[in-house]
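*Asks:* Sharing a structure with you now.
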Amino acid sequence: MRHICKTFNPGTVSEVPLFRDFNLTLRRGSFAAVVGSNGSGKTTILNILCGSVTPDSGEAAVAGQEIVGMPEYRISRFVGRVFQDPAAGTCPALTVLENLSLADNKGKRFGLSGGVSRKRTDFYRSQLELLKLGLEDKLDLPVASLSGGQRQALALLICVMTPIKLLILDEHTAALDPKSSETVMELTDRIVREKRLTVLMVTHNLKYAVGYGDRLLMMHRGRIVLDAEGEAKRALGIRSLTEKFDEISLEAGNSV
């Protein structure tokens with residue numbers, strides 16, 4: 001992202017200038033966690049990279065391909081996104097098999113032939129076995145009958161079933177119970193390592209921000225106020241992040 005500027009509701013009483021010459025570069029294969037208070041710009045970064053928000057000016061590219069102005073459906077061919085809501089990444093009325101078949105056909109031409117190929121069932125089952133959640137025995141169950149953790153794990157698998165250049169994790173454990181959150185986070189880390197994906201993860205969970213990935217960014221009012229990578233990132237702890245949050249809050253004139 002280069003020289004990004006973005007103002008919401010320009011020319012109105014609710015005008016919100018967010019980004020002013022914002023820049024961010026992710027190294028290929030990096031796993032970057034992004035933290036920050038509400039309104040700091042975390043989600044807007046993701047929305048720009050996915051094409052759901054267009055910057056007022058500036059450039060954004062993924063693997064050398066300019067994406068500003070590109071339709072979302074085209075960006076989705078090489079940028080995958082797992083949302084906070086487990087229901088957002090799956091079709092609840094369809095079965096697990098049908099959901100996986102949809103993902104398997106992403107980017108391909110559609111005709112009047114069947115959308116589900118039973119010849120691929122063994123492959124889908126092998127992929128589900130990697131999740132270690134027993135989903136390989138639930139191929140014919142509607143996704144709506146699965147738990148939140150199972151649905152989010154399935155959404156993650158769907159997201160990476162076809163090759164992508166960038167995986168975006170949009171607070172993807174926030175709606176889950178603690179045990180399911182841990183399971184999905186461990187699964188995420190394993191898939192990212194195995195597929196050597198480039199990842200941008202927004203999270204409010206400081207434990208995950210510290211414990212996963214090789215880079216940590218803290219946002220505040222459209223700016224990166226902390227950028228730690230490698231050894232500097234590994235040296236960070238939850239306490240150091242909360243102290244940084246407190247420092248920012250005091251600078252903004254808020255009581256702690």
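*Asks:* Can you compute 3J(HN,Hα) from phi for each residue in the range 97-107, using the Karplus curve 6.51 cos²θ - 1.76 cosθ + 1.60 with θ = phi - 60°, rounded to whole Hz and x for Gly and Pro?
*Replies:* 4, 5, 5, 5, 5, 4, 5, 5, 9, 4, x
*Asks:* Once amide H atoms are placed 1.01 Å from N in the peptide plane, what residues at a sequence separation of 5 or more from Leu141, or on another chain, have their amide H within under 5 Å of its amide H?
*Replies:* HN-HN under 5 Å from Leu141: Val96, Leu97.
*Asks:* Principal axes first, then extents: for the Cα atoms of the chain, list largest minus smallest coordinate on each axis, whole Å, largest first.
*Replies:* 59, 38, 34
*Asks:* Next up: Taking 22 Å as the cut-off for C-alpha to C-alpha distance, list the pairs among Lys179/Lys207; Lys132/Lys233; Lys42/Lys165; Lys195/Lys244; Lys179/Lys233 that go past it.
*Replies:* Long pairs (Cα-Cα over 22 Å): Lys132/Lys233; Lys195/Lys244; Lys179/Lys233.
*Asks:* Ranked from highest to lowest mean number of other Cβ atoms within 10 Å per residue, what is the order of the peptides 41-53, 119-131, 173-185?
*Replies:* The densest-packed peptide leads the list: 41-53, 173-185, 119-131.
*Asks:* Determine the share of the range 59-170's accessible area contributed by carbon and sulfur atoms, expressed in whole percent, with a 1.4 angstrom probe.
*Replies:* 52
*Asks:* Using a Förster radius of 35 Å, what is the FRET efficiency between Asp122 and Arg223 based on their Cβ-Cβ separation? Nearest 0.05, please.
*Replies:* Rounded to the nearest 0.05, the efficiency is 0.10.
*Asks:* Moving to a separate point now. Let me have the 222 nm mean residue ellipticity of the chain computed from DSSP H runs of 4+ only, each contributing -39500 (n - 2.57), with the sum over all residues rounded to the nearest 500.
*Replies:* Value at 222 nm, helices only: -9500 deg cm²/dmol.
*Asks:* Need one number: % antiparallel among DSSP beta bridges in the chain, to the nearest 5.
*Replies:* 45
*Asks:* Please work out the FRET efficiency for the pair Thr162 and Glu231, using the Cβ-Cβ distance as r and a Förster radius of 35 Å; give the result to the nearest 0.05.
*Replies:* Efficiency computed from Cβ-Cβ geometry: 0.50.
*Asks:* Moving on. Can you give the extra length, in nm with one decimal, that the chain gains between Glu15 and Thr242 once fully stretched, where that is 0.36 nm per residue apart less the Cα-Cα distance?
*Replies:* Fully extending the segment from Glu15 to Thr242 adds 78.8 nm.
*Asks:* Give the angle, between 0 and 90 degrees and rounded to the nearest 10, that separates the Cα long axis of helix 148-160 from the longest principal axis of the Cα atoms of the chain.
*Replies:* Taking Cα atoms only, the helix is inclined about 90 degrees.
The values are calculated or read from the model by the stated rules, or taken from the named source; none is laboratory data. Because the structure is predicted, anything quoted here is derived from the model rather than measured. Using ideal geometry, Cβ is built from the backbone for each residue, glycine included, and neighbour counts are taken over all protein chains shown. To get the accessible areas, we keep the full protein, side chains included, count just its heavy atoms, and leave off ligands, DNA and RNA. Shrake-Rupley method; radii C 1.70, N 1.55, O 1.52, S 1.80 Å.
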